[in-house]
Amino acid sequence: MLWLTRPAQLCCVDPRYGLVIGLARTIRSELLLRFSTLELQNLDATSVEAVVAVYQKFQGRSPSSDYEVEPEFAVHDGVVHTGRYNWISVSKELEPLPHDNKPKSLAIGQYGLVDSLHWVQRELATMQAKMDIRCVGMNFRDLLVTIGIVEGQKDTIGIEASG
């Protein structure tokens, strides 16, 4: 089944259209049925062509195979979009980071990218004390500085800590 709906994930105007996305994910997961969704921004000739192309791709997969084709599509400005998943190793992601007892501070690699946060080794200044930190927290202001909405120095975030 290919379900046509209004946008719920890309340029969403009414979030109620997202209900069918959740329903489709549940049906795929629990009933193992082939249930895809196609979100249409406009109902014009370009969208009709996109529906036909997606439907042909959807019908072209073999019934016995796992999802070779992504199950969720969206047509935005005449272009078909789909989400992609990247497989990761959970055990590798959960491995503890190497620990050395050298002083570090949390720094922003590039404003606007939360993924660019990293630890930077630094020397203690004359009047600074070494503490055994167990947890570091980021507050809302730290997040706004990281994203670049509020001005702040790259090395002054994450100063809330306990230990």
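Tabulated results
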{"item": "The chain, relative contact order [Cα under 8 Å, separation at least 6], %", "result": "15 percent"}
{"item": "10 Å beta-carbon shell around residue 121, net charge (K/R +1, D/E -1)", "result": "+1"}
{"item": "Most to least packed among 35-41, 24-30, 118-124 [average Cβ atoms within 10 Å]", "result": "35-41, 24-30, 118-124"}
{"item": "Proxy reagent accessibility, fewest Cβ within 10 Å first, across 113, 97, 32", "result": "97, 32, 113"}
{"item": "Relative contact order for segment 2-82, counting Cα pairs under 8 Å that sit 6 or more residues apart, in percent", "result": "32 percent"}
{"item": "Residues with amide H under 5 Å from that of residue 104, placed H, sequence gap 5 or more", "result": "122"}
{"item": "Straight-distance crosslink candidates among aspartates and glutamates, where the alpha carbon sits under 19 Å from residue 104 and sequence neighbours closer than 8 are dropped", "result": "115, 123, 132, 142, 155, 160"}
{"item": "Over segment 113-163, relative contact order from alpha-carbon pairs under 8 Å, at least 6 apart, %", "result": "42 percent"}
{"item": "Burial ordering of 92, 104, fewest other beta-carbon atoms within 10 Å first", "result": "92, 104"}
{"item": "Nonlocal amide H pairs with residue 138, under 5 Å, H built at 1.01 Å", "result": "none"}
{"item": "Neighbour-count order for 108, 149, fewest beta carbons within 10 angstrom listed first", "result": "149, 108"}
{"item": "Proximal charge balance of residue 17 [Cβ under 10 Å; K/R count +1, D/E count -1]", "result": "0"}
{"item": "Prolate/oblate/rounded label for segment 100-163 (Cα gyration tensor, a/c 1.5)", "result": "prolate"}
{"item": "Cut-off 15 Å between beta-carbons: net charge of the residues surrounding residue 132, Lys and Arg +1, Asp and Glu -1", "result": "+3"}
{"item": "Column: log10 I(q)/I(0), Debye, Cα scatterers of the chain, q = 0.10, 0.14 Å⁻¹", "result": "-0.65, -0.87"}
{"item": "Note, ³J(HN,Hα) from phi for segment 85-97, Karplus 6.51, -1.76, 1.60, rounded to Hz, x at Gly and Pro", "result": "10, 10, 6, 10, 8, 4, 4, 5, 5, 8, 4, x, 6"}
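Here, each number is a calculation from the coordinates, and none is a lab measurement. Quick caveat: nothing in here was measured; it's all calculated off a predicted structure. For neighbour counting, all protein chains shown are included, and Cβ atoms are generated from backbone atoms with ideal geometry for every residue, glycine included.
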